[in-house]
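K.L.:
Here it is, the structure, as structure tokens.
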Amino acid sequence: MKIFRTLLLSCFIFLASCFFVTKAWAFCGFYVAKADSKLYNQASQVAIARNGNQTVLTMANDYQGEVKDFAIVVPVPVVLKEDQVEVSDSQVIERLDAFSAPRLVEYFDPDPCAQLWRSEDFLAAPQAASAERAAPRQSNSALGVTVESQFSVGEYDIVILSARESGGLETWLTQNGYRIPQGARQLLQPYIRQRLKFFVAKVNLEEYETSGYQSLRPIKITYESPRFMLPIRLGMVNAQAAQDLIVYILSPQGQAEVTNYRTVKVPSDAEIPLYVKDEFSDFYKAMFDTAYNREGKNVAFVEYAWDMAGCDPCSAEPLSADELHKAGAFWVTPETPQNVFITRMHVRYTRDRFPEDLVFQQTNNRASFQGRYVLRHAFTGEPTCAAGEAYQRSLPRVFEQQAQTLARLTGWSIQDIREKLPQVQSRFMPWWQRVFQALWHQS
Amino acid sequence: MLFHDARIYQIVFLSLFLGVGIATRDWSLQPLMIGTLFATCCSVQWFASVYLTATPPLQSLPSALITALGLSVLLRADHVSTLVLAGAFAMLSKVWLRVQGKHIFNPGNFGIVAALTLTQDAWVSPGQWGEEGWYVLLFLGAGGLVLGRVGRWDTSAAFLAAYASLEAIRNVWLGWTWDVWAHRLMSGSLLMFALFMITDPRTIPNARMGRLIWAAAIALLTFFLRNVWFISTAPFWALFALAPLTILIDRLFPSERFTWEERSLAADDKEAITDALLPAA
């Protein structure tokens with residue numbers, strides 16, 4: 001421990017911009033575009049704040065396509081009235097994302113011969129935005145379909161439907177000009193029989209144009225239901241490949257977990273070579289892929305679990321009481337102490353490995369966890385004491401360990417990694433170590 | 001002689017599951033927590049043997065270990081005190097909650113319910129095993145072996161058959177594909193419950209017909225709690241709620257009380273070991 005000391009923490013990331021290049025709104029519903037626009041669902045973000053049975057669910061709108069073609073059907077547990085639906089600020093999801101993103105931490109080894117000193121520095125935390133467009137229109141009719149409520153919120157026109165059978169619902173949607181994806185009909189039936197309602201949203205173009213917003217904002221719905229689930233099956237109707245879903249669960253209790261699939265922590269606290277700093281998103285992507293494959297492709301990964309009152313290190317400032325309230329944590333008031341525990345889960349799902357919708361539960365587990373990867377800057381000055389010499393001699397071994405860790409986590413070739421490792425030339429290095437090192441770099 | 005005691009099998013298999021869970025699953029188990037459960041269960045059992053039931057303490061030790069192992073596998077808590085409470089309630093329930101010499105609740109189940117209801121920091125993770133096929137084989141194999149020794153396989157079979165049928169009916173009615181049904185049944189936690197928790201010969205009905213009815217009733221209640229009230233830990237609540245039904249069923253279907261292993265034990269030992277034989281989880 002005395003060999004090196006933390007000088008500088010930093011952090012950040014996010015994967016969103018680079019990692020989830022093509023985000024889309026997929027998890028709980030399917031698009032019902034009217035045009036033949038290419039729609040594909042790759043990743044989506046949703047925030048669920050829940051206390052008891054009271055739930056506030058915010059769906060980030062990452063739809064990529066023409067706004068006028070946007071329309072979505074999402075099963076919801078209860079009939080939603082106008083005052084239960086709001087348009088939220090997309091910054092809320094961005095803030096949750098920034099706060100909980102896996103982070104890179106840098107440590108600087110001090111001069112082993114000098115007195116210990118310490119300082120801190122923070123790197124910027126680039127954030128990814130979501131956003132895009134959408135749009136369609138609507139109409140009315142029966143066929144066992146009841147329009148439970150109908151209203152406009154912000155740039156969205158919303159209809160809440162209940163149906164008696166999937167054929168009727170499909171006909172209603174078709175008659176009203178929505179294009180149902182192939183295979184959706186069979187999937188609608190289980191939801192109808194479970195007495196779920198259907199939240200159908202499209203963009204009111206007039207509102208959208210006058211609002212001046214550049215992208216569609218998240219939709220926030222509030223309801224009370226013992227069901228704590230996300231219907232992912234519908235979202236798989238129009239997705240070819242695996243889809244990524246990031247769920248932020250806010251709870252006054254503790255960590256949330258999935259009850260019908262395994263919940264696993266992402267690999268964390270690994271010390272990796274310095275050069276990864278410039279390719280962190282590639283690193284994270286490869287590491288996640290490796291973990292996903294190793295765990296059998298049917299688990300939910302926890303990327304972050306923390307009391308939102310603080311963080312260490314922070315990849316972004318903790319959310320203020322007002323921001324938490326906007327994110328759905330309705331139990332937070334300026335007067336009461338902040339009591340919000342966030343769990344960030346990353347689920348990559350495919351039809352064959354995730355036959356069932358995701359069911360969650362809140363636990364009282366208040367243990368903290370973060371996806372955290374450590375960069376350690378070696379001290380490069382000339383050693384002026386015995387400890388310094390020993391330190392320099394230890395460096396090749398340290399670098400090799402970092403390389404091995406990186407190879408294990410990402411599946412990258414160890415040779416490629418070694419080539420990018422820093423060279424340690426030291427007069428204190430024994431001859432055999434120099435030969436060994438030369439061999440590495442030749443091979 | 002040692003391996004004629006089904007509790008030894010229980011201990012071996014539950015230890016195996018705990019080891020497999022720690023080694024291959026991402027369980028947030030701490031040695032301190034496991035140690036606490038073992039210390040609590042063993043010391044409370046010891047105390048109960050010496051001061052409450054006046055039985056030789058060593059004879060009851062294996063059942064304390066089984067309860068501790070069962071709780072270690074299933075119950076999670078933030079604080080050590082919660083696990084002390086769970087362990088103590090589990091062991092004391094055997095002594096205090098008895099009808100005609102037969103304890104009403106499965107100790108492990110009682111400990112879990114006590115921790116969930118009386119404290120604010122306990123939880124059970126139904127998804128902790130995942131649903132890989134090899135676990136199913138492991139659970140079925142181990143469960144079968146232990147149940148074979150104890151002679152109460154019919155309870156597991158009745159529970160699983162009833163629960164699988166109910167889920168199948170629901171699946172057909174909803175129109176899900178069959179992989180949804182399989183996924184719901186392949187849960188390691190459900191199988192563990194079916195094979196190791198509801199088979200406790202000391203707390204389940206004595207007559208086979210009684211056991212079949214009782215197991216089917218637990219399956220029905222589990223199904224209801226899971227699908228209507230959306231309780232993910234439904235099996236534990238169902239077993240807890242219906243455990244007292246055993247008293248009634250035993251009256252309706254009178255039968256010999258479970259006396260484990262008439263084949264190999266001396267008559268004197270029978271009662272003591274029978275009394276201690278209570279697979280926890």
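K.L.:
Which of the residues that make up the range A:283-315 are in contact (Cβ under 8 Å) with a residue 24 or more places away in the chain, open to solvent by 20 Å² or more (accessible area, probe 1.4 Å) and more than 14 Å from every other protein chain (Cβ to nearest Cβ)?
P.N.:
A:Lys285, A:Asp289, A:Thr290, A:Trp306, A:Ala309, A:Cys311, A:Cys314 - these are the residues of the range A:283-315 that are in contact (Cβ under 8 Å) with a residue 24 or more places away in the chain, open to solvent by 20 Å² or more (accessible area, probe 1.4 Å) and more than 14 Å from every other protein chain (Cβ to nearest Cβ).
K.L.:
Follow-up. Could you list all residues from the range A:365-379 that are assigned to a loop (DSSP other than H, G, I, E, B) and within 26 Å of B:Leu83 (Cα to Cα)?
P.N.:
Once the filter is applied, which keeps residues that are assigned to a loop (DSSP other than H, G, I, E, B) and within 26 Å of B:Leu83 (Cα to Cα), the range A:365-379 yields A:Asn365, A:Arg366, A:Ala367, A:Ser368.
K.L.:
So for the range B:132-150 (the condition being under 30 Å from A:Lys265 (Cα atoms), at pLDDT below 90 and either part of a strand (DSSP E or B) or at the interface with chain A (Cβ under 7 Å from one of its Cβ atoms) (or both)), does at least one residue qualify? Working first, answer last.
P.N.:
The first filter runs over the range B:132-150 and keeps only residues under 30 Å from A:Lys265 (Cα atoms), leaving B:132-143.
Of the ones still in play, those that are also at pLDDT below 90 are B:132-143.
Now narrow it down to the ones that are either part of a strand (DSSP E or B) or at the interface with chain A (Cβ under 7 Å from one of its Cβ atoms) (or both): B:132.
Yes, the conditions are met somewhere in the range B:132-150.
K.L.:
Looking at the range A:194-209, is at least one residue within 14 Å of chain B (Cβ to nearest Cβ), more than 23 Å from A:Glu86 (Cβ to Cβ), in contact with a Phe, Trp or Tyr (Cβ under 9 Å, 6 or more places away or on another chain) and modelled with pLDDT of 80 or more?
P.N.:
no
K.L.:
Please work out if B:Ala122 is within 14 Å of chain A (Cβ to nearest Cβ) and either within 23 Å of B:Gly87 (Cβ to Cβ) or in contact (Cβ under 8 Å) with a residue 40 or more places away in the chain (or both).
P.N.:
yes
K.L.:
Any residue that is away from every other protein chain (no Cβ under 12 Å), free of Cβ contacts under 8 Å to residues at least 60 places away in the same chain and open to solvent by less than 20 Å² (accessible area, probe 1.4 Å) - is there at least one of those in the range B:248-256?
P.N.:
Yes, the range B:248-256 has at least one match.
K.L.:
Residue check, A:Gly212 against (1) surrounded by fewer than 18 Cβ atoms within 10 Å (Cβ to Cβ); (2) touching a residue at least 12 places away in the same chain (Cβ under 8 Å); (3) farther than 19 Å from A:Val147 by Cα, all met but one. Which one?
P.N.:
It is condition (2) that A:Gly212 fails.
K.L.:
Return yes when A:Gly212 is within 30 Å of A:Gln91 (Cα to Cα), more than 14 Å from every other protein chain (Cβ to nearest Cβ) and modelled with pLDDT under 80 and no when it is not.
P.N.:
Values: within 30 Å of A:Gln91 (Cα to Cα): yes; more than 14 Å from every other protein chain (Cβ to nearest Cβ): yes; modelled with pLDDT under 80: yes.
Answer is yes for this residue.
K.L.:
For the range A:345-365, check the following and say yes or no: at least one residue is within 12 Å of chain B (Cβ to nearest Cβ), aromatic (Phe, Trp, Tyr), out of contact with any Gly (no Cβ under 6 Å at 6 or more places or on another chain) and surrounded by fewer than 21 Cβ atoms within 10 Å (Cβ to Cβ).
P.N.:
no
K.L.:
Within the range B:209-227, how many residues turn out to be under 18 Å from the mean Cα position of the chain (by Cα) and among the basic types (Lys, Arg)?
P.N.:
Selection size over the range B:209-227: 1.
K.L.:
Follow-up. Can you tell me which condition A:Leu324 does not meet? The list is (1) assigned to a strand (DSSP E or B); (2) crowded, with 19+ Cβ neighbours inside 10 Å, and all the others hold.
P.N.:
Tallying (1) assigned to a strand (DSSP E or B); (2) crowded, with 19+ Cβ neighbours inside 10 Å, A:Leu324 fails exactly one: (1).
K.L.:
A follow-up question, please. Which count do you get for residues in the range A:243-281 that are open to solvent by 30 Å² or more (accessible area, probe 1.4 Å), more than 13 Å from chain B (Cβ to nearest Cβ) and assigned to a loop (DSSP other than H, G, I, E, B)?
P.N.:
Within the range A:243-281, residues that are open to solvent by 30 Å² or more (accessible area, probe 1.4 Å), more than 13 Å from chain B (Cβ to nearest Cβ) and assigned to a loop (DSSP other than H, G, I, E, B) number 1.
K.L.:
Next up: Condition first: buried (at least 17 other Cβ atoms within 10 Å of the Cβ), within 14 Å of chain A (Cβ to nearest Cβ) and among the aliphatic types (A, V, I, L, M). Can you find one or more residues in the range B:208-218 that meet it?
P.N.:
Within the range B:208-218, none of the residues are buried (at least 17 other Cβ atoms within 10 Å of the Cβ), within 14 Å of chain A (Cβ to nearest Cβ) and among the aliphatic types (A, V, I, L, M).
K.L.:
Which one of these does B:Trp129 not meet: (1) of a type in the set (Phe, Trp, Tyr); (2) within 14 Å of another protein chain (Cβ to nearest Cβ); (3) in contact with a helix residue (DSSP H, G or I) (Cβ under 6 Å, 6 or more places away or on another chain); (4) surrounded by fewer than 22 Cβ atoms within 10 Å (Cβ to Cβ)?
P.N.:
Condition not satisfied by B:Trp129: (4).
K.L.:
Moving on. With the range B:1-96 as the region, which helices (runs of 4 or more DSSP H) entirely inside it contain at least 2 residues that are open to solvent by 20 Å² or more (accessible area, probe 1.4 Å) and closer than 27 Å to A:Val299 by Cβ?
P.N.:
Once the helices (runs of 4 or more DSSP H) in the range B:1-96 are filtered for at least 2 residues that are open to solvent by 20 Å² or more (accessible area, probe 1.4 Å) and closer than 27 Å to A:Val299 by Cβ, what remains is B:6-24, B:31-47.
K.L.:
Another one. I'd like to know if the range A:335-343 contains one or more residues that are open to solvent by 10 Å² or more (accessible area, probe 1.4 Å), over 19 Å from A:Gln253 (Cα atoms) and touching a residue at least 12 places away in the same chain (Cβ under 8 Å).
P.N.:
no
K.L.:
Give me the residue from the range A:181-193 that is open to solvent by less than 80 Å² (accessible area, probe 1.4 Å) and within 14 Å of chain B (Cβ to nearest Cβ) and, out of that set, nearest to A:Gly328 (Cα to Cα).
P.N.:
Filtering first and then ranking leaves A:Tyr191.
The values are calculated or read from the model by the stated rules, or taken from the named source; none is laboratory data. Because the structure is a prediction, the values reported are computed rather than measured. Because the Cβ atoms are built from the backbone with ideal geometry, glycine has one as well, and the counts that use them run over all protein chains shown. Just the protein is used for accessible areas: all its heavy atoms, side chains included, with ligands, DNA and RNA removed. Shrake-Rupley method; radii C 1.70, N 1.55, O 1.52, S 1.80 Å.
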